[in-house]
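Structure first, then comments.
FYI, it's all coordinate maths here, none of it is from the lab. Source: prediction; values computed, not measured. Heads up, the Cβs are rebuilt from the backbone with ideal geometry, glycines too, and the neighbour counts pull from every protein chain shown.
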Amino acid sequence: MPVMSKPLVVDNVVKRFGRGDGQVVALDRICFEVDHGDFVAVMGASGSGKSTLLHLMAGLTQADGGHVLVNGQDLTAMNDKRLTLFRREHIGLVFQQFNLIPTLSAAENVALPLRFAGVAEKTIQERVATMLGKLGLGSRAKHRPDALSGGEQQRVAIGRALITNPAVVLADEPTGNLDSANSDAICRVLRELNETDNVTIVMVTHEPSVGMYARRAVFIRDGQLCRTVDTTDVADAAALGVMYQEVLSGGGSAAPTHDARDDEVDRPVSETADV
Ligand SMILES: Nc1ncnc2c1ncn2[C@@H]1O[C@H](COP(=O)(O)OP(=O)(O)OP(=O)(O)O)[C@@H](O)[C@H]1O
Ligand SMILES: [Mg+2]
């Protein structure tokens, strides 16, 4: 059996914005690893660095230090062209604003990454139909985004992110524009994809009720990871909310971790990685 690389490794990543007195250290030596089939919620206050981290993991922003490896490939060593091709094939992206193409139908939006990849038309039709069915959008295939609800649009965006079977799906506040019923529906879809198809997901959120759908929650404060919790050890969203408030108010860095895996989060990847 070939040794499989981890879908995602973030190794000592640093990101600064601006210069001199106005400089902001958005990410300060972040290390963490994501295993195949994991579902991680990245949680933290506004401005704590969540989106910056997600953009770095997607290769949309260049790091000032450290490495980001997806399937064992170092994004920080790739030029723009290689990065674009690599991202198309290996990384699925979901944003708060669904970012669908308004003139294309749901099916055509989901098909886009396969068209870019030059996949045969018949295969595209089959895979898109299967994906739409899985997302409960079978009867919405021909609708354009403006004829879909917010929750349906986000499911189309998830279908587009997943259609290439990427190593990891990165979602930045995917429920941020949805009411609570649609938000729950999207979380259930992500959880089911994770449980049944082993889809690896990293999702940014600041809502404990959303974070509870993940397998673990990673808290970030002022650009540093300060705590990881296994959500199966957490009673409910209210309990996760209490931990979140502790992190927001400055606690958390010295908090006990819950399992051996949490230790990995705080150690440099060089000590732990087997990639
Ligand atoms: N392009 C940029 N130029 C300058 N500063 C930036 C830029 N992008 C982010 N920052 C700063 O970096 C820090 C982290 O921002 P980031 O967008 O990652 O936060 P966030 O945790 O996603 O917040 P939110 O919950 O509001 O989305 C903030 O202080 C922000 O002002
Ligand atoms: Mg953000």
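Once the gyration tensor of the Cα atoms in the chain is diagonalised, the equivalent ellipsoid follows with semi-axes of 30, 22, 18 Å, ordered largest first.
A crude spin-label estimate for the pair residue 249 and residue 74, with each label 7 Å from Cα along the Cβ direction, gives 4.3 nm. Each other residue within a Cβ distance under 10 Å of residue 110 adds +1 if Lys or Arg and -1 if Asp or Glu, for a net charge of +2.
The length gained on full extension between residue 184 and residue 17, counted as 0.36 nm times the residue separation minus their Cα-Cα distance, comes to 56.7 nm. Prolate is the label for the range 121-243, because the ratio a/c of its alpha-carbon gyration tensor axes (a ≥ b ≥ c) is 1.5 or higher and a/b is greater than b/c.
Oblate is the label for the range 71-125, because a/c, from the alpha-carbon gyration tensor with a ≥ b ≥ c as root eigenvalues, is 1.5 or above and a/b does not exceed b/c. Here the relative contact order of the range 1-83, from alpha carbon pairs under 8 Å that lie six or more residues apart, stands at 37 percent. Contact order for the range 8-272, expressed relative to its length and based on alpha carbon pairs under 8 Å spaced 6+ residues apart, stands at 27 percent. Each Lys or Arg adds one and each Asp or Glu subtracts one; over the other residues with Cβ under 11 Å from the Cβ of residue 140, this totals +2.
For the range 8-272, the Cβ-based charge dipole about the Cα centre amounts to some 1060 debye (Lys, Arg positive; Asp, Glu negative; other atoms uncharged).
Where in the range 87-103 does the amide nitrogen come within less than 19 Å of the point 7 Å from the Cα of residue 144, taken along Cα to Cβ? Correct set: 98-103. If you take all other residues with their beta carbon under 14 Å from the beta carbon of residue 16, and give Lys and Arg +1 and Asp and Glu -1, the sum is -1.
Which entries in the list 6/50; 6/142; 15/134; 6/134 go over 31 Å, if you measure between the two C-alpha atoms of each? Where the Cα-Cα span goes over 31 Å, the pairs concerned are 6/142; 15/134.
Using only helices, what value at 222 nm comes out for the chain when you add -39,500 (n - 2.57) per DSSP H run of length 4 or more and divide by the total residues, to the nearest 500 deg cm²/dmol? One gets -11000 deg cm²/dmol as the mean residue ellipticity at 222 nm. Once the Cα-Cα distance is subtracted from the 0.36 nm per residue extended length, the residue 236 to residue 116 segment shows a gain of 39.0 nm.
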